[in-house]
Amino acid sequence: MESRELEVAGARVFTPEVFRDDRGLFVSPFQSEAFVRTTGRPLFPVAQTSCSFSRRGVVRGVHFTRTPPGMAKYVYCVRGKALDIVVDLRLGSPTFGRWDAVVLDPVDFRSVYFPVGVGHAFVALQDDTAMAYTLSLGYDPDNELALSLFDPELGLPLPGDIRPIVSERDRVAPTLARARDAGLLPDYEECLKLEDALTAPRAGA
């Protein structure tokens, strides 16, 4: 499995080997050994797995979790095609305000790791695009926050040939500046500590 760091500190993309023959294919989008080798730590304990289906043009995000508690994610595409976007929302981060984007599909089976405090968005490039999520925290609507996809300060790479289909929540989401002024953005050092705590040995374990 190959891996490289993205423009957002701590975020990584993983590309597994895909085994194809006349029956179909076999692939392992997550491999613990490769994850530990490249990040220096195991994946977080899994609290929830989820899947979303979207038609072409649907844009979800920029979503992030109130910190604390914070959430880390491991995301890949099992059907269709998506432009997956990582956004650094952590105040004090060396890459604060930067983004990176990766095309995810069931051809190369790339996966993206999102550290605690990092925002996530994606654009469905085909109908019936299915995204699979492995999460360090269960869903709690009171902890889920969003930023505007259309914030010019972020300048996210929304494809020009797509008319974005967004939820009401995402349509009215604040800009990065407004979220910062409202005290909604996570602190970088706190995010690092929370991420360390996810995989720290527990007393009595």
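The values are calculated or read from the model by the stated rules, or taken from the named source; none is laboratory data. Just so we're clear, the structure is a prediction, and the values are computed from it rather than from any experiment. A quick note on method: Cβ atoms are made from the backbone with ideal geometry, for glycine too, and the neighbour counts reach across all protein chains shown. Keep in mind that these areas ignore ligands, DNA and RNA; they rest on the heavy atoms of the full protein, side chains included. Shrake-Rupley method; radii C 1.70, N 1.55, O 1.52, S 1.80 Å.
Miscellaneous remarks
- Any hit, region 61-68, residues being under 15 Å from the mean Cα position of the chain (by Cα), surrounded by 21 or more Cβ atoms within 10 Å (Cβ to Cβ) and closer than 14 Å to SER136 by Cβ: yes
- Among the residues of region 94-115, those that are of a type outside the set (Asp, Glu), open to solvent by 10 Å² or more (accessible area, probe 1.4 Å) and either out of contact with any strand residue (DSSP E or B) (no Cβ under 9 Å at 6 or more places or on another chain) or part of a loop (DSSP other than H, G, I, E, B) (or both) comprise PRO94, THR95, PHE96, GLY97, ARG98, PRO106, VAL107, PHE109, ARG110.
- Any helices (runs of 4 or more DSSP H) falling wholly within region 116-205 and containing at least 1 residues that are hydrophobic (A, V, I, L, M, F, W, C) and at pLDDT below 95: 188-199
- Cβ pairs under 6 Å, 6+ apart, first in region 64-78 and in contact (Cβ under 8 Å) with a residue 24 or more places away in the chain, second among the β-branched types (Val, Ile, Thr) and open to solvent by 20 Å² or more (accessible area, probe 1.4 Å): TYR74/THR134
- Checked against the criterion of being farther than 19 Å from PRO106 by Cα and either open to solvent by less than 20 Å² (accessible area, probe 1.4 Å) or out of contact with any strand residue (DSSP E or B) (no Cβ under 9 Å at 6 or more places or on another chain) (or both), the candidates LEU137, LEU147 yield just one match: LEU147.
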